Amino acid sequence: MNMNFYAGTKLITGKDCIESNSYLFKRFGKKCLIVTGKSSAVKCGALSDVTDSLEKEGIAHEVYNGICQNPTAASCIEAGKQARNSGADFIIGIGGGSPLDASKAVAAAASNPDMNEADLYAMNIKNKPLPLIAVGTTAGTGSEVTPVSVLTNCQGMKKSIKSELLYPAISFGDPKYTVSLSEKFTRSTAIDAAAHCIESYFNRTANTMSEVFAVSGLKILSEVFDKINSCGVGSLTYDDREKLYNASILGGYAISVTGTAMPHSLGYFLTENYGIPHGTACGAYLSKFIDINLDEVPEKADKLFNELRTDADSFKEMIKRVSPEISVKLTDEDIAELAPRWDNTPSLKKNFGNIDGEYISDMLRELFS
Ligand code: NAP
Ligand code: ZN
């Protein structure tokens, strides 16, 4: 297997890492636009850490706090306009995957005045995006280190953009911000990190590097998941939060190489149509996904479970117990309506085995009726 790997982001993690590296902001200019969600950047303390550091370095800033969950491409183009009108030299994204993905697109929109939604998805841009600094506040997506932005298009569908131009220049990962995550989002984002590692490991495009990241991430996650399952989310310490955060970054590096697979492809409609949080939605399929791989690549599966010192059934049970319940019910008509989506989903082709439309419809019937 090859070792092809590229990581375009300077990653700095650890407690108070923004404060102790504030001098780095000066490299990018004298004014920035900070892109956040509604309230978590304030609640978790990341926004004040960033603005204190900017003030210390004499850098002016404006805030755009209009990024919602599963951000729309339109909101990114709007925030890009604000960045341009304010004369921002660079962008700082603060949040979970939603504001971080959005800030990648805002950086592109800021330097390309006539860019529309189609140009953004195609990365059909004349000018390089503004430099981006990412500050992660969830422990799940790994967006801090991926060249990917997942945005909701004008038809309400989640579509991803992948381009080396989207790597943040710097990502700050201070696990203290993740302490304020609710139980619901702690579980959902942790499952997202696990899904990234599992889908990257069982992926036709996996290489030696992505496997190292995926297995290392799963070793850390297994340890914390055992604790969640025996003592609850409330028992997590700062060190546990740091482990979850580090595992999410490892998952991010893993999917930077491989992308995701079936669980992510099938998770999107649960988020779009039923408002299920991203990680929870993808987690719905992990058991089935593992079963497929036990059949298709049994030696690869054995190697993973040996490394994790567990067996497939215990591993699936551990994941299931961390995953929040999903109460979606699908009728045969709902499933038939979804069918055209599966014809054109590139990440399904990355799966081992032949995951065709008929297989997916049967699986949806089994899981959700
Ligand atoms: P999120 O959508 O960014 O945030 C979920 C919720 O958690 C929001 O209500 C948010 O509040 C809140 N929150 C965030 N940080 C918090 C904190 N420290 N304390 C308390 N509340 C906090 O969740 P996410 O799971 O991190 O991101 C999901 C998005 O990432 C999806 O759109 C998904 O498609 C995408 N994704 C991207 C990649 C990639 O490679 N780029 C990979 C996987 C997933 P606010 O709204 O107030 O911020
Ligand atoms: Zn994900």
Members of the range 203-214 found to be within 26 Å of Asn354 (Cβ to Cβ) and either within 11 Å of ligand 1 (Cβ to nearest atom) or in contact with a Leu (Cβ under 8 Å, 6 or more places away or on another chain) (or both), listed by number: Ala214
First in the range 148-159 and within 14 Å of ligand 2 (Cβ to nearest atom) and of a type in the set (Val, Ile, Thr), second anywhere and outside any strand (DSSP E or B) and open to solvent by 40 Å² or more (accessible area, probe 1.4 Å), Cβ under 8 Å, 6 or more apart: Val150/Asn70
Filter result for Lys38 (out of contact with any helix residue (DSSP H, G or I) (no Cβ under 9 Å at 6 or more places or on another chain), basic (Lys, Arg) and touching a residue at least 40 places away in the same chain (Cβ under 8 Å)): no
Evaluation of Tyr23 against (1) under 27 Å from Leu250 (Cα atoms); (2) touching a strand residue (DSSP E or B) at 6+ places or on another chain (Cβ under 9 Å) (one fails), failing number: (2)
Pairs where the first residue, in the range 313-324, is assigned to a helix (DSSP H, G or I) and modelled with pLDDT under 95 and the second is of a type in the set (Ser, Thr, Tyr) and surrounded by 13 or more Cβ atoms within 10 Å (Cβ to Cβ), C-beta under 8 Å, 6+ apart: none
Checklist (1) outside any loop (DSSP other than H, G, I, E, B); (2) crowded, with 24+ Cβ neighbours inside 10 Å applied to Lys81, failing item: (2)
Breaking point among (1) β-branched (Val, Ile, Thr); (2) within 18 Å of the chain's Cα centre (by Cα); (3) not in a helix (DSSP H, G or I), for Thr310: (2)
Looking only at the range 233-275, and only at residues there that are of a type in the set (Val, Ile, Thr) and open to solvent by 20 Å² or more (accessible area, probe 1.4 Å), the one that is farthest from ligand 1 (Cβ to nearest atom): Thr237
Filter result (more than 16 Å from ligand 1 (Cβ to nearest atom), modelled with pLDDT of 95 or more and charged (D, E, K, R)) within the range 88-116: Asp89
Residue check, Ser235 touching a helix residue (DSSP H, G or I) at 6+ places or on another chain (Cβ under 7 Å) and in contact (Cβ under 8 Å) with a residue 24 or more places away in the chain: no
Check on Gly156, among the small types (Gly, Ala, Ser) and more than 8 Å from ligand 1 (Cβ to nearest atom): yes
Any hit, the range 77-95, residues being within 16 Å of ligand 2 (Cβ to nearest atom), among the charged types (D, E, K, R) and either under 18 Å from Tyr167 (Cβ atoms) or over 25 Å from the mean Cα position of the chain (by Cα) (or both): no
Any hit, the range 329-345, residues being closer than 29 Å to Ile228 by Cβ and of a type outside the set (A, V, I, L, M, F, W, C): yes
Residue within the range 1-17 that is part of a helix (DSSP H, G or I), of a type in the set (A, V, I, L, M) and either modelled with pLDDT of 95 or more or loosely packed, with under 14 Cβ neighbours inside 10 Å (or both) present: no
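The values are calculated or read from the model by the stated rules, or taken from the named source; none is laboratory data. Everything numeric here is computed off the predicted structure, so don't read it as measured data. Note that we place each Cβ from the backbone using ideal geometry, even for glycine, and neighbour counts take in every protein chain shown. Calculation scope for accessible area: heavy atoms of the full protein, side chains included, ligands and nucleic acids excluded. Shrake-Rupley method; radii C 1.70, N 1.55, O 1.52, S 1.80 Å.
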